[in-house]
Amino acid sequence: MKVLINASNIKLGGVLQITISFLNEIAQNKDFDFVLIVNNIVKKEIEEIAFGENYEIHTLDFRHPFQKGYTSYINSLNEILERSQSQIAFSIFGPAYWLPKVTHVVGFAYGWAVNPDSKFIRNLPLFKKIKLTFQNALKSYYFRNEADYYIVETEVVKQRLSKFMQFPLSKIFVVSNTYNHFFDQPQPESDLSNLPKDGFKLLTIATNYPHKNLKVYKPIVEYFRKRGIHDIFFIVTLPSEEYEKLYPGGDPNIINVGKVSPKNCPDLYHHCDAMILPTLLESFSACYPEAMITKKPILTSDLDFARNICGDSAVYFDPYDPIDIATKILKVKERPDLQNRLIQNGLRQVKTFLTAQKRADTYLKIVEEIAKKQVSIMMHASSQ
């Protein structure tokens, strides 16, 4: 069976980490012939992966529908699909903005489309709400029309996807997210010389999307300073221009280590004391199992998806209230017994997630079963 894997639309954030992990795990899989389509960002991340001889790899410059070159991009996708005679296409995450002529399986991790009742969306300024509502409408349109089957990361998202996108539950599969395979093997140390040697360091590995709520760190730091607390640090992983935009002039208690490659994430966790994620809207975050496997306490937003994933391995706060966040941080910092309890609970919780290898195998099993089902339907139809 020939399977086309589309990762040409993957650029950053958690979906990039999952994509690299998935490709690493299936690189030596000999059960299928693979046609892999990537962009230059993914290509750079997979340079060290040794792919088997059953791989055909193409590089395309991704374009969305309102970008110049979109038609050429789609034509290239279709040409590769037709020339390779792939029986099924798997876009690791959508929207792919592509309607292939074969059965299309699409990964879904787009919280906006399935959380229209979110407080974050309701509270957006009017201009931003209009702009983001338009973007969401475009992505939702393609999600509704480009996929024959979906793969989501939690049962909660499966139910919401069916409800808000009117998609049959029978065509939605759940495969849990997990930590990257790099967390299971020793990695060389990173250059983290700008991290403070002392103090309580809270790590957030995230892109500066509005819903990640990274701007909340500034009022929290100011709250601490007014109370004479100077030994709590937020560690972020942003391009320098994004950091400057969020925290003009910088802040000694909000330290930026820049963009971090997935293979360097484990070392970064080991140099910090806890993981914090003040997200306002999400469907899953790999930061949770990553913190669990590296034995770091978790502080995060009191949202349904977070409680569903973390259970009793996290301390929850109101992400809209800097004082509540600050209070919970102090609670964790000052209580080693609480830290240890969260760590032990996390080690139990992380065992409920798939391993990176099992996740990859499950993806392929779903794709294979769907392809076989489609072949059976076509053979039945031709015999009529």
Compute the long axis of helix 336-350 from its Cα atoms, compare it with the longest principal axis of the Cα atoms of the chain, and write down the angle in degrees, 0 to 90, nearest 10.
10 degrees
I need the shape label for the stretch 113-234. Rule: rounded when a/c is under 1.5, else prolate if a/b > b/c, else oblate, with a, b, c from the alpha carbon gyration tensor.
oblate
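Take the alpha carbon gyration tensor of the stretch 196-350, find the square roots of its eigenvalues, order them as a ≥ b ≥ c, and report rounded if a/c is under 1.5; if not, report prolate when a/b exceeds b/c, else oblate. Mind dumping the intermediate values first?
Working: a/c = 1.36, a/b = 1.22, b/c = 1.12.
Note, shape of the stretch 196-350 comes out rounded.
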Two decimals is fine: what is log10 I(q)/I(0) at q = 0.16, 0.22 Å⁻¹ for the stretch 239-301, from a Debye sum with one equal scatterer on every Cα and no solvent?
-0.65, -1.13
Round to the nearest 10 and give me the degree value, 0 to 90, for the angle of helix 322-334's Cα axis relative to the longest principal axis of the chain.
80 degrees
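Size of the dipole of the chain about the Cα centre, Lys and Arg at +1 and Asp and Glu at -1 on the beta carbon, nothing else charged, in debye to 20?
Working: 46 positive and 41 negative charges, 217 e Å.
Here the chain has a charge dipole of around 1040 debye.
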Order the peptides 262-268, 366-372 from the highest to the lowest mean number of other Cβ atoms within 10 Å of their residues.
262-268, 366-372
What is the distance in Å between the Cα centroid of the stretch 206-257 and that of the stretch 56-78?
37 Å
Taking every C-alpha to C-alpha distance in the stretch 307-381 and binning by 5 Å from 0, the per-bin percentages run 3, 13, 12, 13, 12, 9, 8, 8, 6, 6, 5, 3, 2, 0
What residue among PRO100, PRO297, PRO278 has the largest mean-square fluctuation in a Gaussian network model of the chain, using Cα springs under 10 Å?
PRO100
With a ≥ b ≥ c taken as the square roots of the eigenvalues of the C-alpha gyration tensor of the stretch 44-90, please select rounded if a/c is under 1.5 and otherwise prolate if a/b is larger than b/c or oblate if it is not?
oblate
Under the rule of -39500 (n - 2.57) per DSSP H run of 4 or more residues, summed and divided by the residues of the chain, what mean residue ellipticity at 222 nm is obtained, to the nearest 500 deg cm²/dmol?
-13000 deg cm²/dmol
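Restricting to the chain, compute how many DSSP beta bridges are antiparallel as a %, nearest 5. Intermediate results must be reported in sequence, preceding the final value.
Details: 1 of 43 bridges.
Of the beta bridges lying entirely in the chain, close to 0 percent run antiparallel.
Can you pull the percent of the stretch 228-340's accessible area that's carbon plus sulfur, 1.4 Å probe, other chains left in place? Write down the numbers at each step before the final one.
Working: 2060 of 4150 Å².
The nonpolar share, carbon plus sulfur, comes to 50 percent.
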Tell me which residues come under 5 Å, amide H to amide H, from ALA206 once H is placed; ignore anything under 5 positions away on its chain.
THR237
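At 1.4 Å probe radius, can you tell me the per residue accessible area of the chain in Å²?
Numbers: 17930 Å² over 384 residues.
Computed with neighbouring chains in place, this is 47 Å² per residue.
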The chain: angle of helix 217-226 to the longest principal axis, Cα-based, in degrees nearest 10
10 degrees
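Regarding the stretch 1-159, what's the average projected area of the Cα-atom convex hull, expressed in nm²?
On the way: hull surface 40.3 nm².
Quarter of the Cα hull surface area: 10.1 nm².
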Calculate the length of the line joining the C-alpha centroid of the stretch 141-188 to that of the stretch 1-52, in whole Å.
17 Å
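Full-extension gain between VAL174 and SER240, please, as 0.36 nm times their residue separation minus the C-alpha to C-alpha distance. Mind showing how you got there, number by number?
Values: separation 66, 0.36 × 66 = 23.76 nm, distance 3.62 nm.
Once the chain is fully extended between VAL174 and SER240, it gains 20.1 nm.
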With all protein chains present, calculate the accessible area of GLU244 using a 1.4 Å probe and round the result to the nearest 10 Å².
90 Å²
Counting only protein heavy atoms, what percent of the accessible surface of the stretch 1-158 is carbon or sulfur at a 1.4 Å probe?
50 percent
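The values are calculated or read from the model by the stated rules, or taken from the named source; none is laboratory data. Fair warning: this is a prediction, and the values are worked out from it, not measured in the lab. Cβ sites come from the backbone with ideal geometry, for glycine too, and all protein chains shown count toward neighbours. All accessible areas refer to the heavy atoms of the entire protein, side chains included, with ligands and DNA or RNA removed. Shrake-Rupley method; radii C 1.70, N 1.55, O 1.52, S 1.80 Å.
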